[in-house]
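S.K.: To start, I am sharing the structure in question, which I have written as structure tokens.
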Amino acid sequence: MRKVTLICYGKLKFPGMLDSVAEFTKRLSRYTEFEVIELKPLKVADKSESLRDTIREKEAAQILEIIEARRTTPVWCLTETGKAMKTSEWAKAFADITLGGPAEIILIIGGSLGLSESLIKKANRSISLGPQTLSHELARLVLVEQVYRTLSLLAGHPYHNEG
């Protein structure tokens, strides 16, 4: 994989999370260029569903503006209803991307309200980190570690043990 781009909302604030993500980001540099695009979350003034839909659509517009220039790059969205995959499935999917074209992928973690259906429909894949609810910071750490694990598996590193 030549490049992995993570688009997410908010900055890492907790010192332990910041250090852990930095460690996996450093490890990723052995295998790929890793770019993080942090967007500023929009404020949720009230809990009305119409306002939540509006915010999700505005956030989707921000993300689409970023990914529009990379039309051929596969986009994976993290969603509650996405498919949870084993690391070996991640590795196969990444290998397929590498063989099939751009050798680049964009991963998206939405804001606190999740992602709009319009953005999810435009993605190549909707994935989940599992059925539990994770904070955005923890989801980011798990995702970065999973990408590292995937790329180290593809490189033949003995880091991965499945089964």
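None of the figures in this text is laboratory data; all of them are computed from the coordinates on show. Because the structure is predicted, anything quoted here is derived from the model rather than measured. Cβ sites come from the backbone with ideal geometry, for glycine too, and all protein chains shown count toward neighbours.
S.K.: Just to verify a number: FRET efficiency for ALA45 and ILE66, C-beta to C-beta distance, R0 = 30 Å, to 0.05? Numbers along the way, then the final one.
M.R.: Values: r = 25 Å, r/R0 = 0.83.
With a Förster radius of 30 Å, E is 0.75.
S.K.: Same structure, new question: What's the Cα-based Rg to Rh of segment 3-154, Rh via Kirkwood?
M.R.: On the way: Rg = 15.1 Å, Rh = 15.9 Å.
We get a ratio of 0.95 for segment 3-154.
S.K.: Among the trypsin sites (Lys or Arg not before Pro) within segment 103-146, which fall in a DSSP loop and have no more than 10 other Cβ atoms within 10 Å of their own Cβ? Could you put the intermediate results ahead of the total?
M.R.: Details: sites: LYS121, LYS122, ARG125, ARG140; in loops: none.
Passing both the DSSP loop test and the Cβ count: no residue.
S.K.: Continuing with the same structure: Would you mind estimating how fast segment 81-163 diffuses translationally, via Stokes-Einstein at 20 °C and 1.002 mPa s with the Kirkwood radius over Cα pairs, in µm²/s?
M.R.: Numbers: Rh = 14.0 Å.
Reported coefficient: 153 µm²/s.
S.K.: Determine the sum of side-chain charges near LYS83: Lys and Arg each +1, Asp and Glu each -1, restricted to other residues whose C-beta is under 12 angstrom from that of LYS83. List each step's numbers first, then the result.
M.R.: Details: positive: LYS86, ARG125; negative: GLU80, GLU89.
My count for the surroundings of LYS83 gives 0.
S.K.: Which of THR133, THR73, THR150 ends up with the largest GNM mean-square fluctuation for the chain, with Cα atoms connected below 10 Å?
M.R.: THR133
S.K.: Under unit Cβ charges (Lys, Arg +1; Asp, Glu -1), what dipole magnitude, rounded to 20 debye, does the chain have relative to its Cα centre? Don't skip to the answer; put the middle values down first.
M.R.: Numbers: 23 positive and 20 negative charges, 36 e Å.
It works out to roughly 180 debye.
S.K.: Still on this model: Given only helices, namely DSSP H runs of n ≥ 4 each adding -39500 (n - 2.57), what is the per-residue ellipticity at 222 nm of the chain, to the nearest 500 deg cm²/dmol?
M.R.: On the way: 5 runs with 72 residues, N = 163.
Rounded to the nearest 500, it is -14500 deg cm²/dmol.
S.K.: Would you mind listing how long segment 27-106 runs along its three principal axes, going by Cα atoms, in whole Å with the largest first?
M.R.: Result, largest extent first: 44, 27, 25 Å.
S.K.: Which trypsin sites (Lys or Arg not before Pro) in segment 55-106 pass both tests, a DSSP loop state and at most 15 other beta-carbon atoms within 10 Å?
M.R.: When the trypsin sites (Lys or Arg not before Pro) of segment 55-106 are filtered for loop state and at most 15 Cβ neighbours within 10 Å, ARG71, LYS86 remain.
S.K.: What is the percent of Cα-Cα separations in segment 60-115 that go past 19 Å? Show your work: numbers first, answer last.
M.R.: On the way: 570 of 1540 pairs.
That fraction is 37 percent.
S.K.: Checking the cross-link filter: which lysines have an alpha carbon closer than 17 Å to that of LYS3, excluding same-chain neighbours under 8 positions apart?
M.R.: Within the straight-line cut-off, LYS3 pairs with LYS26, LYS92.
S.K.: Pull up all non-local amide H partners of LEU39: gap of 5 or more, or a different chain, and H-to-H distance under 5 Å with H placed in the peptide plane.
M.R.: CYS8, TYR9, GLY10
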